[in-house]
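S.K.: The following block contains the structure, expressed as structure tokens.
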Amino acid sequence: IDFDLILEHLRDLNSLVGEGSSRVERTARGARLRRAEPLPVTLYRDGIAVGHHGAFRPYQHPATQQCLQDIMDGYFPSELQPRYPDGV
């Protein structure tokens, strides 16, 4: 596992979505700026965890391999689409 390369691809994905930027959110009385909540990806020597309370998954697990392949291909992990249909 090339951790540096994975981190580089994650930084690229973060820059695509404007990491640290705010967007306008409509409210009942007008609008306000809101920052997107980050979704942490924790890399371990023998696996990963995705999300604030994500379960540990070993690198050998097929879903973990698909997640990393999506990242390496320059895409957000496809497993996130059902939970974040408007993007993450």
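S.K.: So, with +1 on the Cβ of K and R and -1 on the Cβ of D and E, and no other charges, what is the size of the charge dipole of the chain about its Cα centre, to the nearest 20 debye? Working shown, then result.
M.R.: Values: 10 positive and 12 negative charges, 141 e Å.
Approximately 680 debye in magnitude.
S.K.: Just the accessible area per residue of the chain, please: how many Å² with a 1.4 Å probe? Present the calculation step by step, with values, prior to reporting the outcome.
M.R.: Numbers: 6820 Å² over 88 residues.
Accessible area per residue: 78 Å².
S.K.: Whole Å is fine, so just give me how far the alpha carbon centre of region 1-25 lies from that of region 58-76.
M.R.: Answer, in whole Å: 16.
S.K.: Beyond 21 Å, how much of the Cα-Cα pair distribution for the chain remains, as a whole percent?
M.R.: Of all Cα-Cα pairs in the chain, 35 percent lie more than 21 Å apart.
S.K.: Another question, if that's okay. How much of the accessible area of the chain, probe 1.4 Å, is carbon plus sulfur, in whole percent? If you can, show how the numbers build up before the last one.
M.R.: Details: 3460 of 6820 Å².
Exposed carbon and sulfur together represent 51 percent of the surface.
S.K.: Need one number: nm distance between label points at Arg11 and Arg45, each 7 Å from Cα along Cα→Cβ, rounded to one decimal.
M.R.: So the label points at Arg11 and Arg45 sit 2.5 nm apart.
S.K.: When all protein chains stay in place, what accessible area (Å², nearest 10, 1.4 Å probe) is found for Leu16?
M.R.: Around 130 Å² of this residue is reachable by solvent.
S.K.: Among Val24, Val41, Val50, which one moves the most in a GNM of the chain with springs linking Cα atoms closer than 10 Å?
M.R.: Taking springs between Cα atoms under 10 Å, the residue moving most is Val24.
S.K.: Excluding Gln65 itself, calculate the net charge of residues whose Cβ lies under 15 Å from the Cβ of Gln65, where each Lys or Arg counts +1 and each Asp or Glu counts -1. All intermediate terms of the calculation are to be shown ahead of the outcome.
M.R.: Details: positive: Arg57; negative: Asp2, Asp46, Asp70, Asp73, Glu79.
Here the charged neighbours net out to -4.
S.K.: Can you find, among Ile6, Phe56, Ala28, the residue sitting farthest towards the positive end of the charge dipole of region 6-59, where Lys and Arg contribute +1 and Asp and Glu -1 at Cβ?
M.R.: Of the candidates, Ala28 comes out farthest on the positive side.
S.K.: To the nearest 10 square angstrom, how much accessible area does Phe3 have with a 1.4 angstrom probe?
M.R.: Estimated to the nearest 10 Å², Phe3 gives 70 Å².
S.K.: Going by alpha carbons, how many degrees (0 to 90, nearest 10) lie between the helix axis of 3-16 and the longest principal axis of the chain?
M.R.: Value to nearest ten degrees: 20.
S.K.: Sorted by accessible area with a 1.4 angstrom probe, largest first, how do Thr64, Thr27 fall? Please report the intermediate quantities before stating the final value.
M.R.: Details: Thr64 0, Thr27 60 Å².
Listed by decreasing accessible area, they come as Thr27, Thr64.
S.K.: Moving on. Between Ala28 and Ser78, what is the FRET efficiency for a Förster distance of 41 Å, r being their Cβ-Cβ separation, to the nearest 0.05?
M.R.: Working: r = 35 Å, r/R0 = 0.86.
Efficiency for this residue pair is about 0.70.
The values are calculated or read from the model by the stated rules, or taken from the named source; none is laboratory data. From a predicted model like this one, the values you see are computed outputs, not experimental measurements. Every residue, glycine among them, receives a Cβ derived from its backbone with ideal geometry; neighbour counts consider all protein chains shown. With ligands, DNA and RNA removed, areas are computed over all heavy atoms of the protein, side chains included. Shrake-Rupley method; radii C 1.70, N 1.55, O 1.52, S 1.80 Å.
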